[in-house]
Amino acid sequence: GVGGGGDGDGYVENVPPGFLRVNLIDSPGHVDFCSEVSAAVRLSDGALLVVDAVEGVCAQTHAVLKQAWDERVQPVLVINKVDRLAAELQLSPLDAWMTLKNIVEELNAVAGHFFAAETIRCDERKAERAARGVGTAGGGGGG
């Protein structure tokens with residue numbers, strides 16, 4: 001492991017071989033904390049995207065997922081408070097399952113949208129480079 005000093009900033013304890021050190025950064029998803037979420041995502045190798053089973057996917061969930069996508073951080077979906085589907089909403093097992101399935105499908109659709117938009121941007125950049133290369137003598141295009 002790596003040794004460090006004093007007050008905890010940048011300090012990494014010795015970690016035995018075969019073990020991993022996991023540092024958790026708890027960042028609220030509320031819109032008032034978007035800068036904290038952005039900073040946390042940039043510092044992270046992965047993210048737990050926590051979604052309330054009853055409230056479902058909110059607009060801020062999309063924003064947090066977008067930040068993770070932009071920073072190339074792979075999120076893992078955690079659906080929280082699943083017990084509320086039965087206890088408070090009194091859903092049948094099938095209806096509870098459908099609710100959870102809809103949350104997963106909605107987040108997959110959001111991620112699919114990000115992927116499609118990124119693919120389109122990449123294709124546009126390739127086309128622009130090709131057009132510059134075809135339109136210049138020597139095929140170079142400065143850029």
In Hz, Karplus ³J(HN,Hα) per residue of the stretch 70-78 (6.51, -1.76, 1.60; θ = phi - 60°; x = Gly, Pro): 4, 8, 6, 9, 7, x, 10, 6, 10
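Quick one: accessible area per residue over the stretch 33-131, 1.4 Å probe, rounded to a whole number of Å²?
65 Å²
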For the stretch 105-119, Karplus couplings with θ = phi - 60° (6.51, -1.76, 1.60), whole Hz, Gly/Pro x: 5, 5, 5, 5, 5, 4, 5, x, 5, 4, 5, 4, 4, 5, 5
Over the stretch 33-131: Kirkwood hydrodynamic radius from C-alpha pairwise inverse distances, Å: 15.3 Å
Additional length obtainable on full extension of the chain from Leu20 to Glu55, 0.36 nm per residue less Cα span: 9.2 nm
Amide hydrogen neighbours beyond the local backbone of Asp52, cut-off 5 Å, H modeled: Asn80
Dipole-positive endmost among Met98, Ser35, Trp69 within the stretch 33-131 (Cβ charges, Cα centre): Trp69
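The values are calculated or read from the model by the stated rules, or taken from the named source; none is laboratory data. Computed from a predicted model, the values in this text were never measured in an experiment. All Cβ positions, glycine included, derive from the backbone under ideal geometry; neighbour counts span all protein chains shown. Note: accessible area is taken over every heavy atom of the protein model, side chains too, but ligands, DNA and RNA are not part of it. Shrake-Rupley method; radii C 1.70, N 1.55, O 1.52, S 1.80 Å.
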